[in-house]
Amino acid sequence: MSAVGFQMNKPVLAIEGLTVSFDGFKAVDSLNLYIDRNEVRVVIGPNGAGKTTVLDLICGKTRATSGSIQFDGRELTGMREYDIVRAGVGRKFQTPSIYDNLSVFENLEMSFPKGRTVFGALFFKRSPQVVARVEEVAADIFLGDLLQQQAGLLSHGQKQWLEIGMLLMQDPELLMLDEPVAGMSVSERAQTADLLNRISQGRSVLVIEHDMEFVKSIAHKVTVLHQGKVLAEGSMESVQNNPKVIEVYLGH
Amino acid sequence: MNALNKLLGGRQGVIGLAVLAALIFVVFPLLLDAFRLNMVGKYLTYAFVAVGLVLCWGYGGILSLGQGVFFGLGGYCMAMFLKLEASDPESTKIQSTPGIPDFMDWNQITELPVLWVPFHSFTFTVIAVVAVPVILALVIGLAMFKRRVGDVYFSIVTQAIALILTVLIIGQQGLTGGVNGITDLKTLLGWDIRSDGAKLILYFINAILLFGCIIIGKFILASKLGRLLMAMRDKEERVRFSGYDVASFKVFVYCIAAGFSAIGGAMFALQVGFMSPSFVGIVPSIEMVIFAAVGGRMSLLGAVYGSLLVNYGKTYFSESFPELWLYLMGGLFIAVVMYFPNGLAGLWESHGRKWLAQISKRPTPVAPVLTKPAEAAKPVAPALETQP
């Protein structure tokens, strides 16, 4: 069982020396970041710190200038976006990205990891297995009663949940969420924290968030980014008391 | 049975198909004389293009302003076969080189060009009618969509391709018949296609093929691929980051549209008896988009009505008021964009059904517009029941 032990200790995501520059401006600068299995990591930082760019780099939306991103021992830089998703990386966008014209059921079904090729999709059958999975996930994201609702008619918070649910359908090993509680009410935030704590079982979660109360309620570890570099890393408490962090957030 | 029902779009879908089938297979042949029916047959060849545009533009969000290219290539493939058959050594013995098409002889060509040789075979021709345009669409699609060229840029490129092909055809007069096109098509495997009887049969073959394309379209839209196309139009990035190769779906639907257009083109050559670059270029390509827009770009059947009506209007007005036609066509397009973006099919959905319900004096439980989400929701539950 030593192989398993070895695997458990190795970080699921290892980012080393990651740099991306846009016309000379380094949005992410020699970044090192390691995320362990089953860890919930929150990345915080002032506007323009490069948080979203890091997610873009991991999921292949932006190509790195240099550096490496190892996921489960596979190099993600240079892989196609859909191959990265198929390797087990799911990503939620900052503004809820759902299919307004489809029903909640169809939105979730679209992310079921079958029938992803042209002919696969053409002859895709809505099996009882698919229906069961959709219903299971819909219940998880508090939308169990709204399966037939057109997604465009959902409230903002429900759209955020729906997108998280679409990621859960893929059952990703690494779940990346960009501001999942932005625009949510207080009670919705509490529900989302509860949801994240439930769905982080058996997978790693990387979250970008500004809401400190929310961060406290979910984070195992917090990374502070500033000008494309890691400024501080550790528990929420240690980060909050870090003078450099206080300087960055309040100093200007 | 249930799968078939779902494919055809439930009761309303079946009624819609039946009404159109009755119109095309019964009403037109009974009411119209041979000349007018042949004209309807010609209009219906454009409907192939419009049906393809519903899939690729309406659902896929890919506005191709160069469908005439595929219509033309399909038509030229068929016309080349027919021309070779019409150019047997016996009927071309007065030429300096008998046995080659007349326009080649006029261009001092003394030997059949290599490009033309395989078109002696009917089997090859039938395959080429669909394969040549689809392969071209595949190449264009891969080159554009893999590089994520989309929206207006794609439309502009398709226009350029339409222009390039027109220039090529006109320039290579000895090979293509130039601006006159390929004319004087007489027989298909010895069968005279110019007689009224033959035209009637061709009309029906054309109509059957059109319904075949509509059914294929319905199958695609009812499948997960249809929902994916709509999802891509809503949020392309979300689809890409859900593990799909977005480009491959765009290429597929573009190729399907090209294939449909090509069948229309080939049937055009058969029914009208010639093919020329005037069906390839920018203007005819845009007209074809107008057919789909007027009929309703989200409705396969609407596209057929759009093609029939706009072309009927074109014939009627250009016979009566030749100067006015272009303005009318432009006005029609503006009206569609501004006042009824979903075309005639959209008007029918929002007004026609209500009106029909009123005159049949059946109390409708809910206003027609509101019934739509409920209908869209329906397939899930029946699908559940039918699973073994």
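The numbers here are math on the coordinates, done by the rules we state, and not lab data. Please read these numbers as outputs of a predicted model, since none were measured by experiment. Cβ atoms come from the backbone with ideal geometry, glycine included; neighbour counts cover every protein chain shown.
Please give me the summed charge of the neighbours of A:His210: other residues whose Cβ is under 10 Å from its Cβ, Lys and Arg +1, Asp and Glu -1.
So the environment of A:His210 carries a net charge of -2.
B:Phe25 to B:Leu115: extension gain in nm, 0.36 nm per residue of separation minus the Cα-Cα distance?
This chain segment gains 28.6 nm when fully extended.
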- Query: Helix B:151-171: angle to the longest alpha-carbon principal axis of chain B, degrees 0 to 90, nearest 10?
  - Reply: 20 degrees
- Message: What value in Å³ per residue do you get for the convex hull of the alpha-carbon atoms in segment A:11-250?
- Response: 130 Å³
- segment B:138-252: C-alpha gyration tensor shape, a/c 1.5 cut-off, then a/b vs b/c: oblate
- Query: What number comes out for the charge environment of A:Phe112, summing +1 per Lys or Arg and -1 per Asp or Glu over other residues with Cβ under 14 Å away?
  - Reply: +3
- Message: Averaged over its residues, how many other protein chain Cβ atoms are within 10 Å of peptide A:122-128's Cβ atoms?
- Response: 5
- The long-range amide H neighbours of A:Met176, using H built 1.01 Å from N in the peptide plane and a cut-off of under 5 Å, are A:Gly90, A:Arg91, A:Lys92, A:Leu206
- Task: Rounding to the nearest 20 debye, state how big the charge dipole of segment B:175-307 is about its Cα centre with +1 on each Lys and Arg Cβ and -1 on each Asp and Glu Cβ.
- Result: 460 debye
- For segment B:17-121, what percent of Cα pairs sit more than 18 Å apart? 66 percent
- Task: From other protein chains only, count the Cβ atoms within 10 Å of every residue's Cβ in B:95-102, then give the mean.
- Result: 0
- Task: Kindly express, to the nearest 10 degrees and within the range 0 to 90, the angle between helix B:67-86's C-alpha long axis and the longest C-alpha principal axis of chain B.
- Result: 40 degrees
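Rg(Cα) of segment A:171-228 divided by 2.2 N^0.38 Å?
Ratio of Rg to 2.2 N^0.38 Å for segment A:171-228: 1.12.
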- Over segment A:61-164, what per residue volume does the convex hull of the Cα atoms give, in whole Å³? 130 Å³
- Item | chain B, Cα convex hull volume normalised per residue, Å³ | 173 Å³
- Task: Only bridges with both residues in segment A:11-250 count here: give the DSSP antiparallel percent, nearest 5.
- Result: 55 percent
- Note on the structure: Spelling it out for A:Leu225: with amide H atoms placed in the peptide plane at 1.01 Å from N, the residues 5 or more places away or on another chain with amide H under 5 Å from its amide H are A:Ile44, A:Gly45, A:Leu231
- Message: Helix B:10-22 against the longest principal axis of chain B: what's the angle in degrees, Cα atoms only, rounded to the nearest 10?
- Response: 30 degrees
- Message: Net charge around A:Ala139, counting only other residues with Cβ within less than 14 Å of its Cβ (Lys, Arg = +1; Asp, Glu = -1)?
- Response: -3
- Item | Gyration tensor verdict on segment A:1-103 (Cα atoms; rounded if a/c is under 1.5, prolate if a/b is larger than b/c, oblate otherwise) | oblate
- Once phi is turned into θ = phi - 60°, what whole-Hz ³J(HN,Hα) does the Karplus curve with 6.51, -1.76 and 1.60 give for every residue of segment B:113-124, x standing for Gly and Pro? x, 3, 4, 7, 3, x, 6, 6, 8, 5, 4, 4
- Query: Amide H to amide H under 5 Å from A:Val28: which residues, 5+ apart in sequence or cross-chain, H placed 1.01 Å off N in plane?
  - Reply: A:Val20
- Taking r as the C-beta separation of A:Lys221 and A:Lys26 and R0 as 22 Å, the FRET efficiency to the nearest 0.05 is 0.35
- Item | Contact order normalised by residue count of chain B, Cα under 8 Å, 6+ apart, percent | 30 percent
- Query: Once phi is turned into θ = phi - 60°, what whole-Hz ³J(HN,Hα) does the Karplus curve with 6.51, -1.76 and 1.60 give for every residue of segment B:50-62, x standing for Gly and Pro?
  - Reply: 5, 4, x, 5, 4, 5, 7, 8, x, 8, x, x, 9
- Note on the structure: Fewest to most Cβ atoms within 10 Å: A:Arg133, B:Arg148, B:Arg353 sort as B:Arg148, B:Arg353, A:Arg133
- Which log10 I(q)/I(0) values, to two decimals, does segment A:63-116 give at q = 0.27, 0.28, 0.31 Å⁻¹ under the Debye formula with one point per Cα? -1.15, -1.18, -1.27
- Message: Taking just the alpha-carbon atoms of the protein assembly as shown, what radius of gyration and Dmax come out, in angstrom?
- Response: 29.8, 101
- Message: Between segment B:51-84 and segment A:209-240, what is the separation of their alpha carbon centroids in Å?
- Response: 57 Å
- Query: Taking the DSSP beta bridges in the protein assembly as shown as the whole, what percent of them are antiparallel, to the nearest 5?
  - Reply: 60 percent
- Provide a whole-number value for the mean count of partner chain Cβ atoms within 10 Å of the Cβ atoms in peptide A:81-87. 4
